[in-house]
Amino acid sequence: MANIQTLDPSASPLDYYGWELRRQREAACLKQGQLGDIIFCTGSLIGQVETTKKVPTRDFSERVDAALATDGMFSRLIGLVLRSQLPAWFQPYADMEAKAAYISTYQSQVVYGLLQTEEYARAVLATGMPDDLENLVAARMERQRILEREHPPLIWVILDEAVLHRPIGGRDVMRRQLLHLLEFADHRWMRIQVLPFAAGEHTSLDGSFTTMRFESDPDIVYTEDIVSGHMTASPDTVREAALRYAHLQATALPVEESAALITRVMEECYGDRPRLEKRAVA
């Protein structure tokens, strides 16, 4: 008889997902290969997910829900599973980000995480040489689902002009990333400004930071160093961050001129003039 691995469903979201997948599959009287045939994957993959050796995707979860008639249970679970793949030090920030009503961020090195394309995110995350790169990428993409809500947070992003010129992932990846930024030009809940090189010295030469506001909780300021992140609700720090951000907003190019600069960088660096279709705002 095969040695069936026993999972503790309370150990982690991933353990619970695998335990529940096995339970639901067996309740439907299906072998791993049979379920795999139904959702167009291998029985081996089903087994790897059931034993937590493979992190499931959102597409996989939706297919399982349809095959086992589980009323969207796995589609709801996958958000928790993917968030659990984030570094432990980052998970508290991701939890607060998902609750925020207003986010303002200044980014001096890379595109803000919620605005990164998948291939750009992969190139950024690979610099840390992680063992689980694809899981980290999937978790970052999952974070972006807050933008798809009926009432997403209002987000104000200021990018240093250096971010536009740094070819993360190579020319093609960067071209598509800049085009992705331009797709938010008319977004109802998003504003993007660029802090130009011509601004010279400014109030955040020390680096990037993010402020989050909530409906009922105190404001939070988030910063990162080389190995971890730091959140604080200190009124003095929040006040200082708000003052610095106000100066950055005043110094950065207006939203329309920022979009024009992103377009110009695409033309000058990649010989590519973006063609954006008019689309309805969120």
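Values computed for the structure shown
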quantity	calculated
Computed label-point distance, nm, for sites residue 144 and residue 236 using a 7 Å Cα→Cβ extension	3.9
At most 14 other Cβ within 10 Å, DSSP loop - chymotrypsin sites (Phe, Trp or Tyr not before Pro), region 80-183	89
Highest-first arrangement of 167-174, 15-22, 227-234, where packing means the average Cβ count within 10 Å	15-22, 167-174, 227-234
Environment charge of residue 236, counting only residues whose C-beta is closer than 14 Å and scoring Lys/Arg +1, Asp/Glu -1	0
Karplus-derived 3J(HN,Hα), 6.51/-1.76/1.60, for each residue of region 215-220, Hz, glycine and proline x	5, 9, 8, x, 4, 10
Neighbour cut-off at most 12 other Cβ (10 Å), DSSP loop, GluC sites (Glu not before Pro), region 165-215	201, 215
Acute angle (nearest 10 degrees) that the helix 255-270 long axis makes with the longest principal axis of the chain, alpha-carbon atoms	80
Between 0 and 90°, nearest 10: helix 171-182 axis offset from the chain longest Cα axis	80
The chain: most fluctuating residue of 98, 246, 198 per GNM, C-alpha cutoff 10 Å	198
Vicinal HN-Hα couplings computed from phi for region 153-168 (Karplus, 6.51 cos²θ - 1.76 cosθ + 1.60; Hz; Gly/Pro x)	x, 6, 10, 10, 10, 10, 10, 5, 4, 4, 4, 6, 9, 7, x, 5
Reachable aspartates and glutamates, given that their alpha-carbon falls under 18 Å from the alpha-carbon of residue 53 and they are not under 8 places away in the same chain	8, 15, 20, 131, 132, 134
Angle in degrees between helix 73-83 and the longest Cα principal axis of the chain, rounded to the nearest 10	50
The chain, dipole about Cα centre (Lys/Arg Cβ +1, Asp/Glu Cβ -1), debye to the nearest 20	580
Length released on extending from residue 223 to residue 246, taking residue separation times 0.36 nm less the Cα-Cα span	6.6 nm
Highest-MSF residue in the chain out of 216, 75, 258 [GNM, Cα springs under 10 Å]	216
Relative contact order [Cα under 8 Å, 6+ residues apart], the chain, whole percent	16
Gain in span if fully extended, residue 189 to residue 38, counting 0.36 nm per residue against the direct Cα distance	50.4 nm
Within a Gaussian network of the chain (alpha carbon springs, distance under 10 Å), most fluctuating of 251, 57, 237	237
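FYI, it's all coordinate maths here, none of it is from the lab. Please read all numbers here as calculations on a predicted model, not as lab measurements. Please note: Cβ atoms are built from the backbone with ideal geometry, for glycine as well, and neighbour counts cover all protein chains shown.
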